């Protein structure tokens, strides 16, 4: 609907009037009706029921016994006792918010990029599918162009679609687009602390420190290869123990990948059966799943309200709190045994940096920042690579001819008598192309983490006001038909030239680009190559499902792309 100017204001006034009328009707109907949860204006008791399971919700509705002031059923939140004037007051308040929201949206238009006209309070929520936000944003870009404005509830966002638009913003004007935007789940746990979710000078200093420290512990060097290959040995033993039986590869992969960053961050790897370790991995996995669900999208959009309500977000918050407590416990133990002359890991280095700056009132290094930064490094170094490998295995089950070509290249270049090295990549263009295509097609973080502009900025003739959030849709760059001939198909040829040699593509940006690209990129590339080649050197994959029946569509698609759960068998070669 093209509701502009006065039309939007008229709609707001109409909705406000309906709210008042609904409230008055609900008050007048009370009489001696049976008890029940007090309805809200217009929506009634919709917040009390699950539309996917209405019968169960009706069973669990809280109720009052006659003469009692207590609610007997506590499975659902106790409804607000909005009686009489209280309901009317709520209706008037909501009406005022509608009018204010409408006025603000009208006054903000200016020279912003085009986009669908927002409705009061809910913005453009009717235009998007919360179960598949990235696809909704892509559809809108086809109508409004590669740079457009979207309102998700109270959030005003500029969406960037396609490689050129993303590059013009994040690279060509990197300083203006460098700040981190809003993300409900991560905002709740990090609260603006740590290397990933801070802004300004704090983000610069912590990023510089983190990159230097990771490099000092071998990232980008031969020593990190040795650490990955050592962990690959444990993974191969675990795979052999399956004896060809089908299994879910989720935790096999996440344990191995996480142990690499654990050895850097905490100074040690975990045993694969360590219950605390498995609990941490479950927390990370479930948090990513929640953030990619419709409920997670709702939290992001209406964070100020939804964070206080009961629901699945509270379980996610609890898991995140446990992760944070684990890191805090590790930091405390390191603090008590710290030897500045013998630094064991990332935490030790951060502690020393904190001591060096303890007399600096403007320091950005503290125990709170240590916990937040270490947690961000731990989570980032665990889930994205393990999910990429898990998705990649499913793609190889779908396309066994691709797996067979990797086997041939491994046999020709590496053989069976030695372990792979990163130097082998130069002689294994097909394997490199497959890994890149897995990342491109899998598109694990389709929206990346949101950005925020640091000042009023011009982009393609539009004005983006200071503080506006930006969604750089990385997935649209990696499925840009200008750069990839068959963007919707899995095809390693996207990264091979006519001679079969590996070919770089500038639109391949799974680690983002610009000032805040993922500084774990070198570690991730090493893990993907060494784990994949180590496994395929010793095994080939088998599925109980015929290749043509394997579904590559994601289970969840939101903040992250979560592949379908599946089982795989690994057969010794």
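The values are calculated or read from the model by the stated rules, or taken from the named source; none is laboratory data. All values derive from a computational prediction rather than experimental measurement. Cβ coordinates were reconstructed from backbone atoms using ideal geometry, including for glycine residues, and neighbour counts include every protein chain displayed.
Would you say residue 490 is modelled with pLDDT of 95 or more, within 25 Å of residue 180 (Cα to Cα), part of a loop (DSSP other than H, G, I, E, B) and under 23 Å from the mean Cα position of the chain (by Cα)?
no
Keeping to segment 526-565, report how many residues are crowded, with 19+ Cβ neighbours inside 10 Å and touching a residue at least 12 places away in the same chain (Cβ under 8 Å).
22
Restricting the first residue to segment 423-450 and requiring it to be in contact (Cβ under 8 Å) with a residue 40 or more places away in the chain and on the phi > 0 side of the Ramachandran plot, which pairs with a second residue that is surrounded by fewer than 23 Cβ atoms within 10 Å (Cβ to Cβ) and assigned to a loop (DSSP other than H, G, I, E, B) meet a Cβ separation below 6 Å and a spacing of at least six or different chains?
448/512
Collect the residues in segment 404-451 that are in a loop (DSSP other than H, G, I, E, B), closer than 21 Å to residue 571 by Cβ and over 32 Å from the mean Cα position of the chain (by Cα), keeping them in residue-number order.
414, 415, 416, 417, 419
Which of (1) in a loop (DSSP other than H, G, I, E, B); (2) at pLDDT 95 or above is the odd one out, the single condition residue 151 does not satisfy?
All conditions pass for residue 151, except number (1).
Could you please tell me which pairs satisfy a Cβ distance under 8 Å, a separation of 6+ or placement on different chains, a first residue in segment 455-468 that is on the phi < 0 side of the Ramachandran plot and at pLDDT 95 or above, and a second residue that is exposed (fewer than 12 other Cβ atoms within 10 Å of the Cβ) and not in a loop (DSSP other than H, G, I, E, B)?
The qualifying pairs are 464/458.
For (1) within 30 Å of residue 200 (Cα to Cα); (2) touching a helix residue (DSSP H, G or I) at 6+ places or on another chain (Cβ under 7 Å), each residue gets a yes or a no:
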| position | (1), (2) |
| --- | --- |
| 468 | yes, no |
| 481 | no, no |
| 509 | yes, yes |
| 541 | no, yes |
| 546 | no, no |
| 553 | no, no |
| 563 | no, yes |
| 568 | no, yes |
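I'd like the full set of residues that are more than 20 Å from the chain's Cα centre (by Cα), farther than 21 Å from residue 115 by Cα and assigned to a helix (DSSP H, G or I), limited to segment 161-211.
If the condition is that a residue be more than 20 Å from the chain's Cα centre (by Cα), farther than 21 Å from residue 115 by Cα and assigned to a helix (DSSP H, G or I), then 200, 201, 202, 204, 205, 206, 208, 209, 210, 211 are the ones that fit.
Within segment 524-534, can one find any residue that is assigned to a helix (DSSP H, G or I), touching a helix residue (DSSP H, G or I) at 6+ places or on another chain (Cβ under 7 Å) and more than 17 Å from residue 388 (Cα to Cα)?
Checking segment 524-534: not a single residue is assigned to a helix (DSSP H, G or I), touching a helix residue (DSSP H, G or I) at 6+ places or on another chain (Cβ under 7 Å) and more than 17 Å from residue 388 (Cα to Cα).
With the structure loaded, tell me whether residue 257 is farther than 13 Å from residue 382 by Cβ and touching a helix residue (DSSP H, G or I) at 6+ places or on another chain (Cβ under 9 Å) or whether it fails that test.
In short, no.
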